[in-house]
């Protein structure tokens, strides 16, 4: 597993600057921010739920590739020096009994409700957007400065203990001539969702209207472009809802935790 | 994650036949048995220890690549149809308070002591021995019909909860001219330990005498051959000992669980 020991010589100024801005209260979707640094989904659960969740992630690795797990009660991570997981994500969601209770920019108060919270940081498809753009593939939600569209599918994840739920996917419109390239490039990053789970045919995933994503923003789809779907790290939030988990803290979709780890470290 | 649903059309006769022989009482090291089918290390722990272990595996993925985790109380696995994890391994070890209490060919009685055991199946380097042999690299312990030599190193694994311990490695002597090939071929199988962790210089790993492995058998090393070390799925047994785990069932080193999954399924 990657940690900071292997990355002593990386200049992490941009990643640290972004975390500091979010700690100070800035709110924005993080796609395109601190390019080249890996961003992570986050879910924080009481210790009693930690095994179920780690097993859920292990059984659904394309949706939930685990990058780090904190020790119970800790709000530090080996993926970012000096980070405070309670404050360094731009926008948090607090969940109670599977229902979104509130969105906050600082989760310190909610975090104090439980002494034994375990934080899971999960790979994010933003990691392979930089190499896709370098290959000349337009990433629509970055070009249009919006959040990536995410959809709740009809595909059940493999359950684990008390946790069950359906797969969430992110979507990027890709020109038909570049779909194979997009699959190949993202496939080189298995730790951050890897290759697409589905290309075209959104109705097969139970998506009736690409214009109405469950999370994030709808994006332009031009003539000759195909919707390409990747497993998404919002899948744990769907499990929190479906399984009525008593208490959880997550990032808000698209508002990720920015690590000190270069994207290239996750290249297979 | 790979499971039987994806492998409906594979002829699993050889794998099933091996498991049936072991269920009937046969005892042998499994290297070279049912070639082409993935073999797995096993560790079985009470539910109370399951999170610590799954986290230990997640933090030490080269040594502990998890292939499947059973539900608490179950002795089935998605990796082998009709298998009984209590009986289908050729030789088991029963551990009490971190000490090897006994070796048995049938773990049914020990299994019955705890109602909530969780079984972890962990990748085994035997998986990449077949492609290495196909590339013309001699696998010494197969040629000489012995067990692979395994050594307890001086390298601490990253701890998790109550679990800590040092890395165990397997060793294969490789001609100097084929070391790069061996690294490349095994590196294509990241789910089953992947590329070597160390090449040559056993003293750097704290191995004083290659002729005295902690587990398995010593093997011939010919002139011009270099000892090559891979992370080994016996590492959990070292953690059981070091951490004085109250109760555990494992396979005996080299006596693996044979799955229905073709080795090629774990090719990256």
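Here residue A:190 passes the criteria (1) in contact with a helix residue (DSSP H, G or I) (Cβ under 7 Å, 6 or more places away or on another chain); (2) within 17 Å of residue A:40 (Cβ to Cβ); (3) within 14 Å of another protein chain (Cβ to nearest Cβ) except the one numbered (1).
The rows are residues; the columns are (1) touching a helix residue (DSSP H, G or I) at 6+ places or on another chain (Cβ under 8 Å); (2) farther than 14 Å from residue A:152 by Cβ; (3) within 14 Å of chain B (Cβ to nearest Cβ).
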position: A:234; (1), (2), (3): no, no, no
position: A:237; (1), (2), (3): no, no, no
position: A:241; (1), (2), (3): no, no, no
position: A:249; (1), (2), (3): yes, yes, no
position: A:264; (1), (2), (3): no, yes, no
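Report yes if residue A:133 is without any contact (Cβ under 8 Å) to a residue 24 or more places away in the chain and outside the structural domain of residue A:71 (by TED's automatic domain parsing), otherwise no. The answer is yes for residue A:133.
For the range A:15-23, the count of residues that are at pLDDT 95 or above and at the interface with another protein chain (Cβ under 10 Å from one of its Cβ atoms) is zero. Restricting attention to the range B:62-88, the residues that are at the interface with chain A (Cβ under 9 Å from one of its Cβ atoms), buried (at least 20 other Cβ atoms within 10 Å of the Cβ) and farther than 30 Å from residue B:195 by Cβ add up to 0. Total residues in the range A:34-61 satisfying the condition of being touching a strand residue (DSSP E or B) at 6+ places or on another chain (Cβ under 7 Å) and more than 14 Å from chain B (Cβ to nearest Cβ): the figure is 10. For residue A:221, indicate whether it is buried (at least 22 other Cβ atoms within 10 Å of the Cβ) and not in a helix (DSSP H, G or I). No: the conditions fail for residue A:221.
Counted as qualifying within the range A:45-139 are the helices (runs of 4 or more DSSP H) with 2 or more residues that are more than 26 Å from residue B:58 (Cα to Cα), namely A:108-111, A:129-134. Yes or no: residue B:268 within 14 Å of another protein chain (Cβ to nearest Cβ) and modelled with pLDDT under 95? Taking the combined requirement at face value, the residue satisfies it. Can you tell which of A:17, A:26, A:40, A:110 is within 26 Å of residue A:216 (Cα to Cα) and surrounded by 23 or more Cβ atoms within 10 Å (Cβ to Cβ)? Answer to the check: A:40. Among the residues examined, residue B:172 does not qualify as under 20 Å from residue B:133 (Cα atoms), at pLDDT below 95 and crowded, with 18+ Cβ neighbours inside 10 Å.
If you take the residues in the range B:95-107 that are in contact with a strand residue (DSSP E or B) (Cβ under 9 Å, 6 or more places away or on another chain) and over 29 Å from residue B:12 (Cβ atoms), which one is surrounded by the most Cβ atoms within 10 Å (Cβ to Cβ)?
Ranking the candidates gives B:95 first.
The values are calculated or read from the model by the stated rules, or taken from the named source; none is laboratory data. If you're wondering where the values come from, they're calculated on a predicted model, not measured in any experiment. We place every Cβ from the backbone using ideal geometry, glycine too, and count neighbours over all the protein chains shown.
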